[in-house]
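Have a look at the structure below, then the notes.
The values are calculated or read from the model by the stated rules, or taken from the named source; none is laboratory data. As the structure is a prediction and not an experimental result, all values here were calculated from the model. All Cβ positions, glycine included, derive from the backbone under ideal geometry; neighbour counts span all protein chains shown.
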Amino acid sequence: MSREVVARKQQGWLIISNLPDVCKTPIGSSMIPVPYPVIAKLTDSAKVIKSVKANGHSVVVYDKSYAIKTLGDQAGVGKGIKSGTVGGKCYPKTHSKTVKANGKYVIRHNDKFRMNG
């Protein structure tokens, strides 16, 4: 059985994209689609549950919390081919089915996020 650790607003917790963010990037006089590896940091999360702690840090929950910005695609000033954004927010897509904090399902290590939302 795997260990499902509750995600929290703490240094070292990252959201790492499985696929690159393809953004239109100026190269010479053209805008070329370039793939960028992107991440987001849970230390930059907003709307966490401050009254519930995991290892002394506020818990990240589904349908409320989000990471405030995606990092790594800033050179793609023509914006993402699919997302239409650069440096957008990251929202949880999956969550615990049983554990809640203040009525919201908690996010765990290995849960999926929608990046550049």
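Can you name the residue in the range 3-28 that is of a type in the set (G, A, S) and touching a residue at least 40 places away in the same chain (Cβ under 8 Å) and is also farthest from S58 (Cα to Cα) among such residues? Restricting to residues being of a type in the set (G, A, S) and touching a residue at least 40 places away in the same chain (Cβ under 8 Å), the top hit is S17. Residues in the range 29-55 that are touching a residue at least 12 places away in the same chain (Cβ under 8 Å) and hydroxyl-bearing (S, T, Y) were compared, and the one that is nearest to K9 (Cα to Cα) is T43.
Output the residues belonging to the range 1-40 that are surrounded by fewer than 16 Cβ atoms within 10 Å (Cβ to Cβ), assigned to a loop (DSSP other than H, G, I, E, B) and in contact with a Ser or Thr (Cβ under 6 Å, 6 or more places away or on another chain).
Step one: filter the range 1-40 for residues surrounded by fewer than 16 Cβ atoms within 10 Å (Cβ to Cβ), giving 1-5, 11-12, 14, 16, 18-20, 26-33, 35, 37, 39.
This time we only want the ones that are assigned to a loop (DSSP other than H, G, I, E, B), so: 1-5, 11-12, 18-20, 28-29, 37.
Once the filter is applied, which keeps residues that are surrounded by fewer than 16 Cβ atoms within 10 Å (Cβ to Cβ), assigned to a loop (DSSP other than H, G, I, E, B) and in contact with a Ser or Thr (Cβ under 6 Å, 6 or more places away or on another chain), the range 1-40 yields only Q11.
Please enumerate the residues belonging to the range 19-31 that are under 25 Å from the mean Cα position of the chain (by Cα) and either closer than 13 Å to A75 by Cβ or modelled with pLDDT of 95 or more (or both).
Going residue by residue through the range 19-31, those that are under 25 Å from the mean Cα position of the chain (by Cα) are 19-25.
Of everything in the range 19-31, those that are under 25 Å from the mean Cα position of the chain (by Cα) and either closer than 13 Å to A75 by Cβ or modelled with pLDDT of 95 or more (or both) turn out to be P20, D21, V22, C23, K24, T25.
Quick one: which of A67, A40, A54 is touching a helix residue (DSSP H, G or I) at 6+ places or on another chain (Cβ under 6 Å) and among the small types (G, A, S)? Full working, then the answer.
Values: A40 fails: touching a helix residue (DSSP H, G or I) at 6+ places or on another chain (Cβ under 6 Å); A54 fails: touching a helix residue (DSSP H, G or I) at 6+ places or on another chain (Cβ under 6 Å).
Only one candidate passes the filter, namely A67.
Those residues that are in a loop (DSSP other than H, G, I, E, B), of a type in the set (S, T, N, Q), buried (at least 17 other Cβ atoms within 10 Å of the Cβ) and free of Cβ contacts under 8 Å to residues at least 60 places away in the same chain, I need them from the range 56-103; list them, please. The answer is S65, T70, T85.
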